[in-house]
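The values are calculated or read from the model by the stated rules, or taken from the named source; none is laboratory data. Source: prediction; values computed, not measured. Backbone-built Cβ (ideal geometry, glycine too); neighbour counts: all protein chains shown. Note: areas computed on protein heavy atoms with side chains; ligands, DNA, RNA excluded. Shrake-Rupley method; radii C 1.70, N 1.55, O 1.52, S 1.80 Å.
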Amino acid sequence: MKKIIFISLFSFFLQLLNADFKNEALLKAKSYQAVITRDIWGVPHIEGKRDADVAFGIAYAHAQDDIQNLVSNMSLYRAQMGLKDGFEGLVTDYLIKALEIRERVESRYQLDLSPEVRKVIEAYVHGLNYWAAINPNNEYNKHFPITKEDVVVGFALQNLFFSGVISSIEKLQTDKDVENKQIASNLKSSLLDWQDLVLGSNAFSANPNKTGDGSTRLIINSHQPLEGPLAWYEAHVKSEEGWNMMGGVFPGSPFIFVGFNENLGWGFTVNKPDLSDTFILKINPEDDTEYLLDDEWVPFRVKNLKLPVKIWGPFWWTFNREAKYSIHGPVLETDHGTYAIRFSGMEDIKQVEQWYKLNKAKTKEEWLASMNLRSIVSFNAVYADKKSNIIFLHNSSSPKRKENLDWSKPVDGTRSSLVWNELIPLENIPLIINPKSGWLISTNQDPFKVTSIESRLSPSDYSPTLGLQTRMTNRANRGLELFSETKFTSEKRFKEIKFDNSYSKNSRAYKYLKQIFDMDFKEEILIKGQKLLKDWDLKTDFNSRAASLGVCVISPEWLSEQGQRPAPPVENVFRDCIEQIYKVFGRIDPLWSERNFLVRGNKKISVQGGPDTLRAIYGREQKEGYLKAQGGDGLYIYVEWDKEGNLKSESVHQYGSATQDSSSRHYDDQMELYTSEKFKNTFFYTFSDKENTESRITIPLQEDS
């Protein structure tokens, strides 16, 4: 009887809370008005008088299509992974709380963010909450209400991932140091298992020096997981306050991350500058609450962290864990020493401010000023505009470190002079504006090899403390080769380069594969496989009979390089691939069209391309033996301004705009375009109700206004 009364009371109070949430969400929604027009591909074009109205609208439209991914990271942002995943999530919560990310957002929100940005962020969360209020039976109610802090924390966590601090923690691991090993590995898994599919990106631009017809062109081609909370969603936002951007947005963001407006556009690609440092601390042998700094024993700042953890079913317990801080940053205690970690952006919450300014930029000068904020700690940028400007920026919020020290290893933590607090100025990191070559290509490579030889920067002009990458991808080799082949590059050729599916003979992949050519095999099937690879034209097109074996052999090398590990012995890989492919197909040379697929629900279509080709397709083998594309080319965009400055824009998404609703025709209606390597019109400028408009609504909906 008592149990029944308890359940009844709990249900009653839950209903009251839900009623309060709904009433508040509906009340706040009355402050906004947005028009959501969906084109014939279901892509939302959101318009409003104010930027805040548009932010309210994009939240609602994105929730309609993708609510599952919008809320999937909330436990991470709130440091509640322990309540979601039990002890496996506990270490993630510890790291996020130890880094004081949410506390910093809460304390600095009013101080660090402009009123304009705060209005946009708050309108965005009101749009999400409004969607939940008018859809009370949705299965994600437990995540609501979404708060402004949730959104800003999500942006701040980008810096945590891309600064390299996780790698720094991993470098301090030993087999015995289980706890810190868990911190690093569990944070990775808590970042939704997508990080191993963020394998690179492409972006390239050309101005009249290269196009030859007076036009300026841009390809935006970020490589992301094809599903989940870091898959692209296409949208267009337009306000009467000057915000007019179209492109790719991630769940949880009101801002376009890569895209274009009427005047300019940009793409981002992942880079890996050295943004994280480890300091070796010396502990007082008589008092382990103190460390040595400039010949004095200094006390750690100590904080108790409360970590709730799911024990079983609905039962949970709160554990207490101590966190220590030095002048350098958070402290890690291991069985081989005590260290402090410091990384770029660790105290910065202004990522949202920079994204907003990028979205509002109308000129090259405004765009560069936005990048100079330095709150987005990494990413290469490739830019183009209607005035024929093109730019490459190896963006990095690189610390201003002492010269003549090896910062790739732990440094002395007893000297305060090594604790950096400034960034290298923007002009002192690799930046190319309007090279004589007329073209730029960024594919996660050495920043000193992004254009023709005569237009390149010199590494000797930059500080070695930047820790800039020197790697070359196959995509970089192919791109450089293809752009250098002809004096001018037409629109047709520009797009052909984007879809190139070949491996370069200058690539690591080919050099790895080539080792097989001189091996002495006795088995007939291995000799046949060896000849197949020797004769391979290095393409991954539909009709290739060598691509299945070739891609199988080179893929482990690519993954090893991504993980900064030695590649496995190629002979072992070759033998395994022969056995694997023969077992599935009864032959070692099936057509690539029989092996490589884009799959969505019941639709399965062959696709060209492969790992680290410009037509980037990263497939995972399924139990049936075929490869299912799971990362690489997602939303890609072509932008062109002709010699009169007129804009042309086209795009394609790997699936369609309805990322969750399998009953919608937009769940998979772009797959044929994607696999046939075609584009669709973005309808950036005008709509024709008869020709390219599917629906139009005004929110808040009338009955809720």
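Identify the residue in the range 58-101 that is of a type in the set (S, T, Y) and within 20 Å of the chain's Cα centre (by Cα) and, among all such residues, is surrounded by the fewest Cβ atoms within 10 Å (Cβ to Cβ).
S72
Going by the conditions given, is D633 surrounded by 15 or more Cβ atoms within 10 Å (Cβ to Cβ) and in contact with a Ser or Thr (Cβ under 7 Å, 6 or more places away or on another chain)?
No.
Each row is one residue, and each column tells you yes or no for (1) modelled with pLDDT of 95 or more; (2) over 14 Å from E122 (Cβ atoms).
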| site | (1), (2) |
| --- | --- |
| L9 | no, yes |
| F12 | no, yes |
| D20 | no, yes |
| G42 | yes, yes |
| D51 | yes, no |
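Residues checked against (1) in contact (Cβ under 8 Å) with a residue 60 or more places away in the chain; (2) open to solvent by 10 Å² or more (accessible area, probe 1.4 Å):
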residue	(1), (2)
A361	yes, no
S370	no, no
H394	yes, no
W407	yes, yes
P410	yes, yes
R456	no, yes
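Looking at the range 494-544 only, could you name the residues that are assigned to a helix (DSSP H, G or I), under 30 Å from W641 (Cβ atoms) and open to solvent by less than 70 Å² (accessible area, probe 1.4 Å)?
F494, K495, I497, K498
I'd like the residue in the range 471-493 that is of a type in the set (S, T, Y), within 16 Å of S205 (Cα to Cα) and part of a loop (DSSP other than H, G, I, E, B) and, out of all such residues, is least open to solvent (accessible area, probe 1.4 Å).
Result: T489.
Restricting to the range 53-70, what's the tally of residues that are over 19 Å from K238 (Cα atoms) and of a type in the set (D, E)?
Qualifying residue count, the range 53-70: 2.
Across the range 28-52, what is the total count of residues that are open to solvent by 10 Å² or more (accessible area, probe 1.4 Å), farther than 23 Å from N138 by Cβ and either among the charged types (D, E, K, R) or free of Cβ contacts under 8 Å to residues at least 60 places away in the same chain (or both)?
3
So which residues in the range 557-575 are in a helix (DSSP H, G or I) and open to solvent by 40 Å² or more (accessible area, probe 1.4 Å), if there are any at all?
L559, E561, E571, N572, R575 - these are the residues of the range 557-575 that are in a helix (DSSP H, G or I) and open to solvent by 40 Å² or more (accessible area, probe 1.4 Å).
Scan the range 488-508 and give yes if some residue there is under 30 Å from F343 (Cβ atoms), modelled with pLDDT of 95 or more and out of contact with any helix residue (DSSP H, G or I) (no Cβ under 7 Å at 6 or more places or on another chain), otherwise no.
Looking for residues that are under 30 Å from F343 (Cβ atoms), modelled with pLDDT of 95 or more and out of contact with any helix residue (DSSP H, G or I) (no Cβ under 7 Å at 6 or more places or on another chain), one finds none in the range 488-508, hence no.
Please return the ranges of strands (runs of 3 or more DSSP E) entirely within the range 336-410 where 2 or more residues are under 21 Å from P435 (Cα atoms) and more than 18 Å from the chain's Cα centre (by Cα).
380-385, 390-394
Of I578, I605, I554, which residue is modelled with pLDDT of 95 or more, surrounded by fewer than 20 Cβ atoms within 10 Å (Cβ to Cβ) and β-branched (V, I, T)? Before the answer, list the steps.
Values: I578 fails: surrounded by fewer than 20 Cβ atoms within 10 Å (Cβ to Cβ); I554 fails: surrounded by fewer than 20 Cβ atoms within 10 Å (Cβ to Cβ).
Answer to the selection: I605.
Given the criterion in contact with a helix residue (DSSP H, G or I) (Cβ under 9 Å, 6 or more places away or on another chain), open to solvent by less than 30 Å² (accessible area, probe 1.4 Å) and polar (S, T, N, Q), identify the matching residue among T682, T659, T675, T693.
When all the criteria are applied, what remains is T659.
Starting from residues that are of a type in the set (S, T, Y) and not in a helix (DSSP H, G or I), keep the ones in the range 106-155 and report whichever is farthest from P229 (Cα to Cα).
Step one: of the range 106-155, the residues of a type in the set (S, T, Y) are 107, 109, 114, 124, 130, 140, 147.
Restricting the remaining residues to those that are not in a helix (DSSP H, G or I) gives 114, 140, 147.
Numbers: S114: 27, Y140: 15, T147: 18 Å.
This residue is S114.
Can you tell me which of (1) in contact with a Phe, Trp or Tyr (Cβ under 7 Å, 6 or more places away or on another chain); (2) open to solvent by 10 Å² or more (accessible area, probe 1.4 Å); (3) part of a strand (DSSP E or B) is the one N304 doesn't meet?
That leaves (1) as the condition not met.
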